[in-house]
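Worksheet: one structure, shown below.
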Amino acid sequence: MIERLVAEGRVRLVDPGDDEVAEWRRVVDCAKRHGLEPPGKRIEKAGFGARGLELRLVEGSHPNSRSQRPKDDASVVPVPARPSALHPAVVALKDDEGQLVIPPVLRRRSLLMLHALAAEAVRRGYEVRRGRLYYSRREGGVDVIVDGFAYAVTVRQEFPQSTNPERSARLVVERDAALA
């Protein structure tokens, strides 16, 4: 299968049966688990058409893989325990009771992180403004304007339904693609 993906770039299965789809998924999972993907590439599975399955060989590691996590030497943005004054975009989010609807301790931590990111962006010469309305009331953020493009930086609780206190305390900070 790997040789075929390397040669063709993608493999499409048109209207495969359930057993065939299950077998291909097992093959892909096995290849991933045993490190059989070519260096610097990964296999992606996706549906196409009404009932098709497409396997592709794409560049880079998966966005959720450990290799995408910050490096030890990455620049660190210090998060204050108590800011003297929140950035105006963060104040607008703080005052909006309809956004970032998460437990108070996580909401406070989220606002402090967004403030630290906003302050660092301003220090670097970028504009920061209130984030747009979000799909979920559980998230909130700011937009950082770089060279005329707005990048949304959002924070949300990763596992809001978890009964495990450690999991439910995790926050996710994401940067969306640029918006013109």
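The values are calculated or read from the model by the stated rules, or taken from the named source; none is laboratory data. Since the model is a prediction, treat every value here as computed from it, not as a measurement. Neighbour counts run over all protein chains shown; Cβ positions are idealised from the backbone, glycine included. What goes into the accessible areas is simple: the full protein's heavy atoms, side chains included, and nothing from ligands, DNA or RNA. Shrake-Rupley method; radii C 1.70, N 1.55, O 1.52, S 1.80 Å.
Before moving on, here are some points about what is shown:
- Between the stretch 96-117 and the stretch 40-56, the Cα center-to-center distance that results, in Å: 37
- Calculated mean residue ellipticity at 222 nm for the chain: -9000 deg cm²/dmol, from DSSP H runs with n ≥ 4 weighted as -39500 (n - 2.57), summed, divided by the residue count and rounded to 500.
- Residues whose placed amide H lies under 5 Å from that of Gly52, excluding near-sequence neighbours: Asp15
- Nonlocal amide H pairs with Leu171, under 5 Å, H built at 1.01 Å: Glu158
- Remark: the chain carries a charge dipole of roughly 560 debye about the Cα centre, counting +1 on each Lys and Arg Cβ and -1 on each Asp and Glu Cβ.
- For the pair Val122 and Glu158, a Förster radius of 22 Å applied to the C-beta separation gives a FRET efficiency near 0.20, rounded to the nearest 0.05.
- Each 10 Å bin from zero up to the one holding the largest Cα-Cα distance in the chain carries the following percent of pairs: 8, 27, 24, 22, 16, 3, 0.
- Distance between the 7 Å Cα→Cβ label points at Val11 and Ala85: 6.2 nm.
- Among the helices of the chain, those built from whole DSSP H runs whose Cα atoms reach 18 Å or more along their own axis and whose mean Kyte-Doolittle hydropathy is at least 0.0 are 104-123.
- With every protein chain in place, the stretch 85-180: carbon and sulfur % of accessible area (1.4 Å): 53
- Share of carbon and sulfur in the accessible heavy-atom surface of the stretch 1-62 [1.4 Å probe, %]: 50
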